[in-house]
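The values are calculated or read from the model by the stated rules, or taken from the named source; none is laboratory data. Predicted model only: the values in this text are computed from it and were never measured. In this analysis, Cβ positions are derived from the backbone assuming ideal geometry, glycine residues included, and neighbour counts consider all displayed protein chains. Only protein heavy atoms, including side chains, enter the accessible area calculation; ligands, DNA and RNA are left aside. Shrake-Rupley method; radii C 1.70, N 1.55, O 1.52, S 1.80 Å.
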Amino acid sequence: MGTVKVLPEDLAWLPAFVTATYFLPCPHHAKGEPTNNFALSTRQTLCPQCATGRRATDCIQIRRSSYHNVVRVQDVCKMFDVGGIQTYVINSARVVFLGERPHPRGSKGAGAAAAGGA
């Protein structure tokens with residue numbers, strides 16, 4: 001049996017942050033605003049209206065990149081060290097994917113023909 005790693009107290013919110021479902025309609029607002037913020041203190045997703053008035057250090061904004069959830073490194077680097085996490089540059093902003101980064105489905109170029117041995 002492997003050992004179970006316990007997160008430090010100040011990072012106890014991290015599993016809920018990574019596994020939360022984002023961009024659903026907010027249940028508290030008639031407009032159905034997408035829940036694209038995460039509140040560290042309550043460990044819940046929030047829409048921009050629900051997040052208004054919270055301390056800037058309590059909320060993290062989640063963004064979309066090709067249908068995948070990402071956060072900007074500048075938004076989370078004060079909360080934890082991102083040194084060991086793979087980052088990517090998207091639209092000139094350094095980001096971290098919340099889930100596994102999607103991989104290309106397959107090559108569609110000259111490399112594919114060469115790999116096929118044609």
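Structural remarks
- In the context of the full set of protein chains, segment 1-87 has a per residue accessible area of 68 Å² (1.4 Å probe).
- Ranked by how many other beta carbons lie within 10 Å on average, peptides 36-48, 64-76 from highest: 36-48, 64-76
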